[in-house]
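Report on the following structure.
The values are calculated or read from the model by the stated rules, or taken from the named source; none is laboratory data. None of these values were measured; they are calculated from a predicted model. Cβ atoms come from the backbone with ideal geometry, glycine included; neighbour counts cover every protein chain shown.
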């Protein structure tokens, strides 16, 4: 008897890199000659069962002292693992060169499913192999975050030491360069102050030795000490000393080391002073720029003031500001702009503003601050859980096979609901995450998204009010003397020269109006037209539920009603989903294929029908105004009746004749098969289980349109699938085959939606075009009428009154005295050294004559070498 063995067809065991799933076995080969060890390795369950039933011992080790459970665990043969355990295999059997258990083998290869099966069977995760490692140490060394989380959730101590007192956190910091499982262990309560027995190192010591920048950062972030010495009296700070300028070390760690060493203990390194400086810089800078423009200084002085301000901000950014700048600066800019706008309204614009502008300004400020505070300080939908809930979630996901980064957050240790995301800036998971907004320093999620849109709308409205009030102010203060013949440039020049502060505030308001309007248009487009969040639109390719379209899109008006949780224009808002606890995507029935191959040719066929007694009743024209509610008329509904294979004689005949084609034309005519459905048995939005059908072979049955059907005329049950909305005109029951007009209706719907949004965005386009033209004209005016003459004049002034006098002063004061001094020194040295040189020359000449006279020195002047003679 031959047994079929499922393998990969290569003759080798499956690739061990498949860590979480049992290897796929597409090919079939003969395993009848395999022994029980090889059959276990290759996953031949039938062969293993045959040999065990024939008397093979499941606990008998092979020649390498390895049991069958070891081989099944290391190859992730889950079915064989379960079968061997059921047959009495010892789950904690010791085998192999390392004296390991099957749980060690499964952990070393990262097979979470095998680990779960063995743990359920009672395997002890605290047993050590001959190297002194337990399962959690192996999982930490190889970076198997899911297994580490599951073991800790099952009760394993996250600080369990090995033979040398190395904890899982030390091994993870030393071996793994990724963020997890180091972050996971710290979140689960692992201590970063424990030391090993051999060197006395902490986890931070080992991370520095391995130059693991990720582990160093996460340990310091969780409060690891830089001052704990090891047995060599080396602290983490001394180990990092030679690497203080290394590129792999983060800037934040360098600053903390310098601060610990006392190198930068100055006022500019105090965190509170830094924070106050970062918050107050936009406020002061806005005021100084406006005051410089408002002052009557010369252009050259104004330019110097702007350069000085820029240098000051640059120096503060280099010496005072820290890594919190990008979190603090946008909010500070918003507060500074709004505060000076309110000051300008009170002391400048409000004096000449009309009463209705005051009303709009005050009325718009109230929702602005309410929405801003809710968006800024409100809960965006943070996903929280207790420690027990986190452990239970880990166990549940691991045992259900859903332990994936898409569904589990290793930082928050929570199960991620659908449409949620972990925000790296806030370090928390947010339900229905849209984006992290730096202007409010908060995430935009399910709880504050509506307030964020209200905040944008209020800002846009107040910008319009400010611009109108500025125009009124200029009309009273600056344009009263201008005639109608002047151009727009003249009006802008008059406004800028009359009151530069108001022009500065108006320019900032125009800028805010432009980018806030663009952001609001993008948000409305995503919410209404796409039915997506910003995160989903950017990362749609990474989510599985967006592979076949957007499952959250229900039409523009319906999307708007669902988002606002408000019914309007006859569109009823769907009850708001609790995105904090929505973990599964329940695909609505209208997103499913209308006629699938499975429904048509394996399990019957699908026939969409429309109830004849569901005729719409006309509504009085006054009903839309809410004066009187009309009688409850039944709306057009479309239902889909699924007929089983055994109940379709035409289908059976076609299948018997072999003429079955995968096309809708094989459906039986309604003359031969007519469904009878009672409206009472189709509740609103709930499929009925009591709907019946009857089979008629001649003509379709005739019954009065207004006569209710009797339940005793209905013989058998059928399954009914309904459509929620939008499909009432897709199908009609006639005496012929149902006409599929889905494409035509979809095309008409797309055309209507395109026309509708074209009109809306056409208006938005006109507004944006107006603002863009205004800004371009303003820039053109500034460039050609102000900056170009200003630049030429400044250069001439600098050349005539600064460069030339400066060069003359520098030459006369510095270069010329130095040259004169050098000349005098040279002449003095010449006059002093010339007599001395003559005296020395005479003295040496007399000595030479004396030496020549007594023949001590003989000088021969020759031009060619001569031979010596005796």
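Being free of Cβ contacts under 8 Å to residues at least 40 places away in the same chain and either within 22 Å of residue 584 (Cα to Cα) or surrounded by 20 or more Cβ atoms within 10 Å (Cβ to Cβ) (or both) narrows it down to one of 423, 443, so name that one.
None of the other options fit; the residue is 423.
Here residue 262 fulfils each of the conditions (1) touching a helix residue (DSSP H, G or I) at 6+ places or on another chain (Cβ under 9 Å); (2) modelled with pLDDT under 70 apart from (1). Residue-level check: of (1) under 20 Å from residue 361 (Cβ atoms); (2) surrounded by 16 or more Cβ atoms within 10 Å (Cβ to Cβ); (3) at pLDDT 90 or above, residue 511 misses just (2).
Per the conditions (1) under 29 Å from the mean Cα position of the chain (by Cα); (2) assigned by the TED database to the domain that holds residue 441; (3) surrounded by 15 or more Cβ atoms within 10 Å (Cβ to Cβ), the sole criterion not satisfied by residue 321 is (2).
Does residue 474 qualify as being outside any loop (DSSP other than H, G, I, E, B) and over 30 Å from residue 395 (Cα atoms)? Spelling it out, residue 474 is indeed outside any loop (DSSP other than H, G, I, E, B) and over 30 Å from residue 395 (Cα atoms). Filtered by the rule that a residue be out of contact with any helix residue (DSSP H, G or I) (no Cβ under 7 Å at 6 or more places or on another chain) and modelled with pLDDT of 75 or more, segment 788-803 gives 789, 791, 792, 795, 796, 798, 799, 800, 801, 802, 803.
Residues are listed down the side, and each one gets a yes or a no for (1) in contact (Cβ under 8 Å) with a residue 40 or more places away in the chain; (2) closer than 20 Å to residue 243 by Cα; (3) part of a loop (DSSP other than H, G, I, E, B); (4) touching a strand residue (DSSP E or B) at 6+ places or on another chain (Cβ under 6 Å):
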site: 133; (1), (2), (3), (4): no, no, yes, no
site: 170; (1), (2), (3), (4): no, no, no, no
site: 189; (1), (2), (3), (4): no, no, yes, no
site: 205; (1), (2), (3), (4): no, yes, no, no
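Reported count of residues in segment 276-304, each being surrounded by 15 or more Cβ atoms within 10 Å (Cβ to Cβ) and modelled with pLDDT under 90, is 3. Among the residues examined, residue 137 qualifies as modelled with pLDDT of 95 or more and within 30 Å of residue 237 (Cα to Cα).
The residue list 768, 775, 764, 794 contains one member that is touching a residue at least 40 places away in the same chain (Cβ under 8 Å), more than 27 Å from residue 463 (Cα to Cα) and either within 60 Å of the chain's Cα centre (by Cα) or outside any helix (DSSP H, G or I) (or both), which is 794. Can you pull out every residue in segment 287-301 that is free of Cβ contacts under 8 Å to residues at least 60 places away in the same chain and over 17 Å from residue 497 (Cβ atoms)? 287, 288, listed by residue number.
Condition check: in contact with a helix residue (DSSP H, G or I) (Cβ under 7 Å, 6 or more places away or on another chain) and either at pLDDT below 90 or outside the structural domain of residue 432 (by the TED database) (or both). Does residue 565 satisfy that? Here the answer is no, as residue 565 does not meet what is asked.
What's the total number of residues in segment 116-125 that are in contact with a helix residue (DSSP H, G or I) (Cβ under 8 Å, 6 or more places away or on another chain) and either touching a residue at least 60 places away in the same chain (Cβ under 8 Å) or assigned to a loop (DSSP other than H, G, I, E, B) (or both)? First the steps, then the outcome.
Step one: list which residues in segment 116-125 are in contact with a helix residue (DSSP H, G or I) (Cβ under 8 Å, 6 or more places away or on another chain), which gives 116-121, 123-125.
Filter once more, so that each one left must be either touching a residue at least 60 places away in the same chain (Cβ under 8 Å) or assigned to a loop (DSSP other than H, G, I, E, B) (or both): 116, 120-121, 123-125.
Number of matching residues: 6.
Among the residues that make up segment 427-437, is at least one of them under 30 Å from residue 502 (Cβ atoms), in contact with a helix residue (DSSP H, G or I) (Cβ under 8 Å, 6 or more places away or on another chain) and surrounded by 19 or more Cβ atoms within 10 Å (Cβ to Cβ)? Yes: segment 427-437 contains one or more residues that are under 30 Å from residue 502 (Cβ atoms), in contact with a helix residue (DSSP H, G or I) (Cβ under 8 Å, 6 or more places away or on another chain) and surrounded by 19 or more Cβ atoms within 10 Å (Cβ to Cβ).
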